[in-house]
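Report on the structure given below.
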Amino acid sequence: MVSAQNKAVVDAIKRSDLNSYKALSDLLDMAKVIADPEGDHDLAYALKLTNFIKRKIPTLPSSIVLNQLYWQAMKFEAPHRFESFLLYMEKNRSPKKRFYQPRAKTLHVVVEDLQDLEDGLIEFYGLSLPPRVGKSTVCIFFLAWCAGRHPDLHNAMGGHSGILAKGFYKEFLNLITSPEYTYNEIFPNVTLESKSSDEYTVNLNDPDRFATLTCRGIDGTWTGAVDISAGGYLYVDDLIRDRTESLSPIRLENRYQDYLNVMVDRKNDGAKELMVGTRWCVADPLGRNEEKFKGNPKARFRKIPALNEKDESNFDYDYGLGFSTEYYKNLRDRLDKNEWMAKYQQRPFVREGLIFPIDELEYYNGVLPDGDCLTAAACDVAWGGGDSLSMPFGKLFGSADDGPIYIPDWIFNKGDKYVTKPLVVAKTMQQKPNMVRFEANNGGDEYAEDIDRLLREQGFKTNISWAKASNQVGKMAKIIQYAPDIKRRFRFLKPELQSDEYKDAMEELGMLTQVGKNEHEDSADGLVQLFQLFDGGMNQIEILSRAELGI
């Protein structure tokens, strides 16, 4: 609590000319007084003052003394605010050589998450980012910061191999000893007591049986050699060695059990955990923990994909660092679809459990066969909130029992009804289906009636019906039941001919698994409804020639 006397001084300074160096310098002095453990010891209030100073200085005419004051405020914050630590650590490095500043636009949210981890708002943090974007480096900076704050606590870093552990050790040691960084300015009372390049250990301040930091591969010696204090950290980075390991359920299970029995076993009550990695599949250790901690407010999982919702790179950093949008798009075109989605888009998969593997589906070049056809559409209505309205259009050629069904168009949209209704009307008039079936659950019948009215206002008539989905068979069971027929009879547009929404639908379809949890099943559900319509709901439909359909 700030004393009345100190509060009065701060208020007096704030009433003065805050555009002057003297006033801002006086505020910084008061921040130091208020934060003093022998005085008010109100660090939160002091940090509010220094944050004001940092924000105010860039708005004033540049000067040497103001620049010095800015860094003095940053130095004051560095032991307490992780982002300030990152910036002050590299203040003497050239901008192009700095790690955090060029990457801050993307990694800022990660830095704030790590601040919450250290502040105790969360106790487990899972971070999923594409390869080589800085996830390990920012976490090593974080461990260096925590070690400076609490040099007598024990922490451990672990990875899939001793080589990885050696890299962690060398990078951590460089951060706290290299004159290129300002670690000794930030933590002047912290000294390097010992280090071992054989054991990959670093100990700060007082001698101790267990080191401040121990780095180990998961296959290294942990029992009797590693301890993780209450308040200390277990930092786990890239437990899955490679793609081959990720494809073996047995090896994944063994690795997870090793993680629990070797690494987690060394945590004392009250120790925290930071798990980082490139995602491979839903059964990797990060995925297992995400499922375990689901709904736990003390756990947080952050996933940042290579390409954002606008198909632009999230990691195109300043000074030409990182990876451009073009780089990621080229990579996407060359990689296996599932590997791209897992490693780069943070949408992991179980290859063995995929129901509709993209490379097992049938495609066509956009040219329909000659002859008469039946055209239908099925609409799985959604109302926004993350679900997608899925409405594939199908054209059946030949026998209803075994004829191929071509999918020339597909509405797949997360918008609300004001967005999707005009799309449904326009696409229906374009594709001219003989029949459209809407799922009537959750107001789908009202949606269908409105579409029928809108089409009639446009002078277009087609057979529109709606029916509630049966509650006798679960959605996933129904999808699995019809999957063989869909893979055998459906013909999808070649990828280069697909619209953006068509691609989104195919992307979701290709990631659907019967092992683990699916975020959405809208695309597959729409196809099942379409197949059911052709399979049993077309007996009342009149067959029209291609000329009558205008195609």
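The values are calculated or read from the model by the stated rules, or taken from the named source; none is laboratory data. Since the structure is predicted, the reported quantities are computational estimates derived from the model, not experimental observations. Here the Cβ positions follow ideal geometry from the backbone for every residue, glycine too, while neighbour counts run over all protein chains shown.
Computed values, structure above
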| read-out | value |
| --- | --- |
| Flag for THR106 being in a helix (DSSP H, G or I), within 24 Å of the chain's Cα centre (by Cα), crowded, with 17+ Cβ neighbours inside 10 Å and modelled with pLDDT of 95 or more | yes |
| Count of residues meeting criterion [of a type in the set (Phe, Trp, Tyr) and either surrounded by 18 or more Cβ atoms within 10 Å (Cβ to Cβ) or under 22 Å from GLU185 (Cβ atoms) (or both)] in the stretch 46-74 | 2 |
| Restricting the stretch 455-475 to residues that are hydrophobic (A, V, I, L, M, F, W, C) and buried (at least 16 other Cβ atoms within 10 Å of the Cβ), the residue that is farthest from LEU530 (Cα to Cα) | LEU455 |
| Odd one out for ALA283 among (1) at pLDDT below 95; (2) hydrophobic (A, V, I, L, M, F, W, C); (3) over 21 Å from LYS343 (Cβ atoms) | (3) |
| Residue ID - surrounded by the most Cβ atoms within 10 Å (Cβ to Cβ), chosen from residues in the stretch 286-307 that are part of a loop (DSSP other than H, G, I, E, B) and at pLDDT 95 or above | ALA306 |
| Any chance LEU331 is part of a helix (DSSP H, G or I), touching a Pro at 6+ places or on another chain (Cβ under 9 Å), farther than 24 Å from THR214 by Cβ and not small (Gly, Ala, Ser) | no |
| Selected residue (only one of LYS395, LYS421 is basic (Lys, Arg) and out of contact with any strand residue (DSSP E or B) (no Cβ under 7 Å at 6 or more places or on another chain)) | LYS421 |
| Test: residue in the stretch 85-97 that is more than 30 Å from GLY320 (Cβ to Cβ) and buried (at least 19 other Cβ atoms within 10 Å of the Cβ) | no |
| Residue selected from the stretch 464-480 under the condition more than 32 Å from the chain's Cα centre (by Cα) and more than 11 Å from ASN441 (Cβ to Cβ), by the criterion modelled with the lowest pLDDT | GLN472 |
| Residues being of a type outside the set (D, E, K, R) and out of contact with any strand residue (DSSP E or B) (no Cβ under 6 Å at 6 or more places or on another chain) - total across the stretch 181-203 | 12 |
| Test: residue in the stretch 334-357 that is within 25 Å of PHE99 (Cα to Cα), touching a Phe, Trp or Tyr at 6+ places or on another chain (Cβ under 8 Å) and not assigned by TED's automatic domain parsing to the domain that holds LYS96 | yes |
| Matching entry among LYS310, LYS343 (being modelled with pLDDT under 95, in a loop (DSSP other than H, G, I, E, B), over 17 Å from LYS487 (Cα atoms) and of a type in the set (Lys, Arg)) | LYS310 |
| Which numbered condition ASP370 fails, given (1) surrounded by fewer than 23 Cβ atoms within 10 Å (Cβ to Cβ); (2) modelled with pLDDT under 95; (3) within 21 Å of ASP522 (Cα to Cα) | (3) |
| Subset tally (residues that are in contact (Cβ under 8 Å) with a residue 40 or more places away in the chain and within 20 Å of MET157 (Cα to Cα)) for the stretch 274-289 | 11 |
| Of all residues in the stretch 483-497 being surrounded by fewer than 20 Cβ atoms within 10 Å (Cβ to Cβ) and of a type outside the set (D, E, K, R), the one that is farthest from the chain's Cα centre (by Cα) | PRO484 |
| Looking only at the stretch 192-217, and only at residues there that are in contact with a Pro (Cβ under 9 Å, 6 or more places away or on another chain) and not in a strand (DSSP E or B), the one that is surrounded by the fewest Cβ atoms within 10 Å (Cβ to Cβ) | ASP206 |
| Boolean, ASP269 is assigned to a loop (DSSP other than H, G, I, E, B), acidic (Asp, Glu) and either within 26 Å of the chain's Cα centre (by Cα) or modelled with pLDDT of 95 or more (or both) | yes |
| Residue within the stretch 505-518 that is among the acidic types (Asp, Glu) and part of a loop (DSSP other than H, G, I, E, B) present | no |
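Rundown of residues vs (1) closer than 30 Å to ASP36 by Cα; (2) touching a helix residue (DSSP H, G or I) at 6+ places or on another chain (Cβ under 9 Å); (3) without any contact (Cβ under 8 Å) to a residue 24 or more places away in the chain, yes/no style:
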position: PRO61; (1), (2), (3): no, no, yes
position: GLU83; (1), (2), (3): yes, yes, no
position: LYS96; (1), (2), (3): no, yes, no
position: TYR100; (1), (2), (3): yes, yes, no
position: GLN115; (1), (2), (3): yes, yes, no
position: SER128; (1), (2), (3): no, yes, no
position: CYS146; (1), (2), (3): yes, yes, no
